[in-house]
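Engineer: Starting off with a structure, shown below.
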Amino acid sequence: MTFSLVAHCAHTGQFGVAAVTGVPAVGKLLTHAAAGVGAVATQARVNPYLGIDGLKLLGLGLSAEAVRDALLTTDPALRFRQFAVIDRVGRTATFTGDACLDWCGSLQRDGFSVQGNRLAGPQVLERAADRFETLRDQPLADRLLEALAEGVAAGGDAQGEVSATIYVMDTEDYPLWDIRVDEHPEPITELRRLHDVFRDRVVPEIKTMPTRENPAGGEGEIPI
């Protein structure tokens, strides 16, 4: 009931996860990422521990493939699961259980992966991936948004979409981008509106907040 992307930006080192689905609140449990470590998307019948444990394994330096293989030993209901892993250097690995709803599958390319279930067809992933690749010089959050929009335009969830999310980790332990549309009749339209709000008002503020190297933060930080 979902399609998602996990991605690494070779220019900035950022990791991102983005998704759109036909059920509410896709951003609550699907997205898992850590700065300098990697990312995991867990979907279909969601097992949040695939994301939680996957990040821990990535933090130990395991490759995406090794993390996927390790996770496959932890869940007795794998046939209902779908997940994707990207490691610190941009390698990806995916899994789709044989009980996931058709059309289901994944598409791996250089530095990112697209995966989904209950889709209108493989063209959803193909067009999302193509769009993501054509924007390789754009910010990661922008690329994720446009890839989701292209996938929805190609048919998206076979029964329509109601929620969407974009989550991007930069250099700190907190996200640079964390946009969630939890329930909306046009989630991509609303995601695009919120993206512009984040771009213009939220992300500039986050960039002035305390970091590990500068615990005081910037002069322009606005009290909350």
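Engineer: Residue by residue, what Karplus-based ³J(HN,Hα) values in Hz, rounded to whole numbers, does the range 10-27 have, using 6.51, -1.76 and 1.60 with θ = phi - 60° and x for Gly and Pro?
Structural biologist: 5, 6, 10, x, 5, 10, x, 10, 9, 7, 9, 8, x, 10, x, 6, 4, x
Engineer: By how many nm would the segment from E213 to V89 grow when fully extended, if each residue of separation counts as 0.36 nm and the alpha-carbon distance is taken off?
Structural biologist: So the extension gain works out to 42.3 nm.
Engineer: Not counting ligands, DNA or RNA, and with a 1.4 Å probe, what is K56's accessible surface area in Å² rounded to the nearest 10?
Structural biologist: The accessible area of K56 comes to roughly 130 Å².
Engineer: So, one more: Roughly speaking, to the nearest percent, how much of the chain's 1.4 Å accessible area is carbon and sulfur? Walk me through the numbers before you get to the answer.
Structural biologist: On the way: 5280 of 10300 Å².
With neighbouring chains kept in place, the figure for the chain is 51 percent.
Engineer: Continuing with this model, one more query. Distances longer than 21 Å among the Cα atoms of the range 1-84: what percent of all pairs is that? Write down the numbers at each step before the final one.
Structural biologist: Working: 870 of 3486 pairs.
The answer is 25 percent, as a whole percent.
Engineer: No partner Cβ under 4.7 angstrom, meaning no disulfide-compatible partner by this rule: which Cys of the chain qualify?
Structural biologist: Singleton cysteines: C9.
Engineer: Now for a separate question. When only Cα pairs under 8 Å and 6 or more residues apart are kept, what is the percent relative contact order across the chain?
Structural biologist: Details: 537 pairs, mean separation 49.3, N = 224.
Relative contact order here is 22 percent.
Engineer: A further question on this structure: Could you rank the peptides 59-66, 115-122 by their average count of other C-beta atoms within 10 Å per residue, with the highest value first?
Structural biologist: Details: 59-66: 16.0, 115-122: 21.9.
Ranking, from highest mean packing down: 115-122, 59-66.
Engineer: Right, another one. How much accessible area per residue does the range 1-121 have, counting only protein heavy atoms and a probe of 1.4 Å, in square angstrom? Show your work: numbers first, answer last.
Structural biologist: On the way: 4690 Å² over 121 residues.
Spelled out: the 1.4 Å probe surface of the range 1-121, per residue, equals 39 Å².
Engineer: Oh, and also: If one computes the Cα centroid of the range 96-112 and of the range 167-189, what distance in Å separates the two points?
Structural biologist: Each part reduced to its Cα centre gives a spacing of 22 Å.
Engineer: Rounded if a/c is under 1.5, else prolate if a/b beats b/c, else oblate: with a ≥ b ≥ c from the C-alpha gyration tensor eigenvalues square-rooted, which is the chain? Display every interim value, and only then the final one.
Structural biologist: Numbers: a/c = 1.75, a/b = 1.26, b/c = 1.39.
Oblate shape, in that a/c is at least 1.5 and b/c is the bigger or equal ratio.
Engineer: Could you order peptides 11-20, 203-212, 161-170 by the average number of other Cβ atoms within 10 Å of their residues, highest first? Don't jump to the answer; show the numbers that get you there.
Structural biologist: Working: 11-20: 23.1, 203-212: 14.1, 161-170: 25.3.
Final packing ranking: 161-170, 11-20, 203-212.
Engineer: Pairs of Cα atoms under 8 Å, at least six residues apart: use those to get the relative contact order of the range 146-224, whole percent. Could the numbers behind the result be given before it?
Structural biologist: Values: 77 pairs, mean separation 16.4, N = 79.
The value is 21 percent.
Engineer: What does the charge count around L57 come to, taking other residues whose C-beta lies under 15 Å from its C-beta (Lys +1, Arg +1, Asp -1, Glu -1)? Before the final figure, lay out each step's value.
Structural biologist: On the way: positive: K56, R68, R88, R91; negative: D53, E65, D69, D75, D87.
For residues surrounding L57, the net value is -1.
The values are calculated or read from the model by the stated rules, or taken from the named source; none is laboratory data. Note that the structure is predicted; figures quoted are calculated from it, not measured. Because the Cβ atoms are built from the backbone with ideal geometry, glycine has one as well, and the counts that use them run over all protein chains shown. SASA here: full protein model, heavy atoms, side chains in, ligands and nucleic acids out. Shrake-Rupley method; radii C 1.70, N 1.55, O 1.52, S 1.80 Å.
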